[in-house]
1. Could you grab me the full set of residues in region 124-157 that are within 17 Å of residue 256 (Cβ to Cβ) and open to solvent by 10 Å² or more (accessible area, probe 1.4 Å)?
2. Restricting attention to region 526-546, report how many residues are out of contact with any Asp or Glu (no Cβ under 9 Å at 6 or more places or on another chain) and either over 23 Å from residue 561 (Cβ atoms) or polar (S, T, N, Q) (or both).
3. Working only within region 292-312, note down all residues that are within 23 Å of residue 222 (Cβ to Cβ), open to solvent by less than 20 Å² (accessible area, probe 1.4 Å) and either charged (D, E, K, R) or part of a helix (DSSP H, G or I) (or both).
4. With the condition kept exactly as written, say whether any residue in region 385-393 is open to solvent by 20 Å² or more (accessible area, probe 1.4 Å), out of contact with any Cys (no Cβ under 9 Å at 6 or more places or on another chain), at positive phi and modelled with pLDDT of 95 or more.
5. Just to be sure, is residue 211 surrounded by 18 or more Cβ atoms within 10 Å (Cβ to Cβ), more than 25 Å from residue 298 (Cβ to Cβ) and touching a residue at least 24 places away in the same chain (Cβ under 8 Å)?
6. Identify, from the list 465, 501, 494, the residue that is of a type in the set (A, V, I, L, M, F, W, C), open to solvent by less than 20 Å² (accessible area, probe 1.4 Å) and in a loop (DSSP other than H, G, I, E, B).
7. Considering only region 99-119, I want to know if a residue exists there that is in contact (Cβ under 8 Å) with a residue 12 or more places away in the chain, in a strand (DSSP E or B), over 30 Å from residue 497 (Cα atoms) and open to solvent by 10 Å² or more (accessible area, probe 1.4 Å).
8. Any idea which residue in region 536-545 is nearest to residue 570 (Cα to Cα), counting only those that are out of contact with any helix residue (DSSP H, G or I) (no Cβ under 6 Å at 6 or more places or on another chain) and open to solvent by less than 70 Å² (accessible area, probe 1.4 Å)?
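The values are calculated or read from the model by the stated rules, or taken from the named source; none is laboratory data. All figures in this text were calculated on a predicted structure; none of them were measured in a lab. Methodologically, a virtual Cβ is constructed for each residue, glycine included, from the backbone with ideal geometry; neighbour enumeration extends over all protein chains shown. Heavy atoms of the whole protein, side chains included, go into the accessibility calculation; ligands, DNA and RNA do not. Shrake-Rupley method; radii C 1.70, N 1.55, O 1.52, S 1.80 Å.
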Amino acid sequence: MAHHLNVAEMFGTTRVDDGRVRFRLWAPAQQTVSVAFEPGGLVPMQRSNNGWFEVTAAVSDGTGYRYRLSDGQMVPDPASRSQPRGVHEASEVKTGPFAWKHPDWRGRPWTETVLYEIHAGTAGGFRGIRDDLPRLKALGVTAVELMPVNAFPGERNWGYDGVLPYAPDPAYGSTEDLKALVDAAHGLGLMMFLDVVYNHFGPDGNYLASYAPQFFRDDVMTPWGSAIDFRRREVRDYFTGNVLMWLQDFRFDGLRFDAVHAILEQDWVEEMAATVRATISPNRHVHLVLEHHNAGSHLRTAVDGQWNDDGHNVLHVLLTGEDGGYYADYASDPAAKLARVLAEGWVYQGERSPYLNAPRGEPCADLPPYVHVLFLQNHDQVGNRAFGERLTSLTSPAALEAAITLQMLCPQIPLLFMGEETASKTPFLFFTDHHAELADAVREGRRQEFAGFAEFSDPEKRERIPDPNAVETFTASVPRPASDERFALYKRLIALRLKEIVPRLTGTVSLGADAIGPKAVSAAWRLGDGSRLTIVTNLGAETVAFAIPPGRLLFATGDTAPLTAVYLEIAT
């Protein structure tokens, strides 16, 4: 059920009708709070019985401010729209309008989505990505997805250590730079997606517990500390308000929600999505995508898509032969598991995961294939490796191109990770910019993560794992192109997808899939217009015989294994 958010009751700053700025802070643990302006000026806020503080002041955009707590501690606004000097310094009033050049942009349907995931820092910030948009347009992708951009400590971070969800990080550029990026993408017909993190805050720069400890639970711990208490209306509204800000004020076309399974109150997802649908103009295409542990229920009622980790994991096993860690769940009969991914969506739909030693997932065979976002690589699957190796270093070019063809032409929604389109061999490493004891803890914690792997049982080998806090770890992660031929392959496949598959995608249902060899699968779908799509893929080096499916050959990677062949029989 949708929950109406009253702008006058939201966190942060709002310019009101008389031109002044309203400041609102939920600080139930405080008896007094003041706004401390820079330069000078201390304005007491009025406290209500439910812990809200509010005051209205005549200040201009660009004014710096912090909240002064009862004990004199100075903290940034948890809903700050701008943090020009970092997460520990003053917030900046930012309420002015932006001159959009493409205000009539309405987005694109979900079925047209071809995602390109990118880290803003390694791409030259918001302006660097903006400069690269024509190249991405030429590649054919239809949506650019930014890894989290909310303010984090230091100059370098993946974005998942963010502590101020409403403020773009100044290391990437200004608020205006981000809006200009979104606007430029819309001018080229590209959608913009943003990765958001609502399941935890980072370890440095989160001051909420100082004045609103009720924001967190004291009875549930997570790997990141006390769980965020989504049972509270103020907490729900804080994050739902952030969703609406990105979609309305920044005009993003979609959001990817990180690790939603770590949010204890799953009904917030339904409420948030209903609020989005009720608030955003129905003339706009707005897409909500989850990272979750195979939760089919949200896909039936609330959101557009979900990252398909099962699809990635079984393809990775088939391409590399790796079976350590969670890949062990996919090492037995991987071709049959890939067939289930193509026919139904996920491998695990409530069955016991040996790795987790617990059931995983929910049934999903009734869902259309295009609710699943399929990737061969992403920031997690590359960067969570000790040395950040890409598939270009782990499998043969022929097998990888066969997998790429399957990914790009099957009815699931494809996602590329930056650098894939040029066969980059540049690693994508885990990087941060922490200092002192926290830097030491992150470095050693990172190395201890791999202590259970046989290849890192020797402490000396673990010492070779790059230090996340070293600037060289960040610079080594900037993608360097390696192959124009790979770019041409992606370009051709995306063009085929948009021409032959996308117009027929809505209403697609599976006709089944079968393992036809140790690393080979044949899968077929009835497309929305009645046409039949068949894909035969063999990721192994041994030839596997198969009957030629009906229809014309749409694309094939070659005549010998590994290969993928795609056939389309047009309905008459």
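1. Answer for region 124-157, where residues must be within 17 Å of residue 256 (Cβ to Cβ) and open to solvent by 10 Å² or more (accessible area, probe 1.4 Å): just 150.
2. Taking region 526-546 first, the residues out of contact with any Asp or Glu (no Cβ under 9 Å at 6 or more places or on another chain) are 526-530, 535-546.
Cutting the leftovers down to either over 23 Å from residue 561 (Cβ atoms) or polar (S, T, N, Q) (or both) gives us 526-530, 537-538, 543.
The number of residues fulfilling the criteria is 8.
3. Result: 298, single match.
4. Step one: list which residues in region 385-393 are open to solvent by 20 Å² or more (accessible area, probe 1.4 Å), which gives 385, 387, 389, 392-393.
This time we only want the ones that are out of contact with any Cys (no Cβ under 9 Å at 6 or more places or on another chain), so: 385, 387, 389, 392-393.
Narrowing further to those that are at positive phi: none.
No: region 385-393 contains no residue that is open to solvent by 20 Å² or more (accessible area, probe 1.4 Å), out of contact with any Cys (no Cβ under 9 Å at 6 or more places or on another chain), at positive phi and modelled with pLDDT of 95 or more.
5. Details: surrounded by 18 or more Cβ atoms within 10 Å (Cβ to Cβ): yes; more than 25 Å from residue 298 (Cβ to Cβ): yes; touching a residue at least 24 places away in the same chain (Cβ under 8 Å): yes.
The answer is yes for residue 211.
6. Details: 501 fails: in a loop (DSSP other than H, G, I, E, B); 494 fails: in a loop (DSSP other than H, G, I, E, B).
From the options 465, 501, 494, the qualifying one is 465.
7. As a first pass, look at region 99-119 and keep what is in contact (Cβ under 8 Å) with a residue 12 or more places away in the chain: 100-102, 105-119.
Applying the additional criterion that residues be in a strand (DSSP E or B) yields 115-118.
Narrowing the set further to residues that are over 30 Å from residue 497 (Cα atoms) leaves none.
No - not one qualifying residue is present in region 99-119.
8. Here is the first cut: in region 536-545, the residues out of contact with any helix residue (DSSP H, G or I) (no Cβ under 6 Å at 6 or more places or on another chain) are 536, 538, 540-545.
Applying the additional criterion that residues be open to solvent by less than 70 Å² (accessible area, probe 1.4 Å) yields 536, 538, 540, 544.
On the way: 536: 18, 538: 24, 540: 30, 544: 26 Å.
Only one residue tops the list, namely 536.
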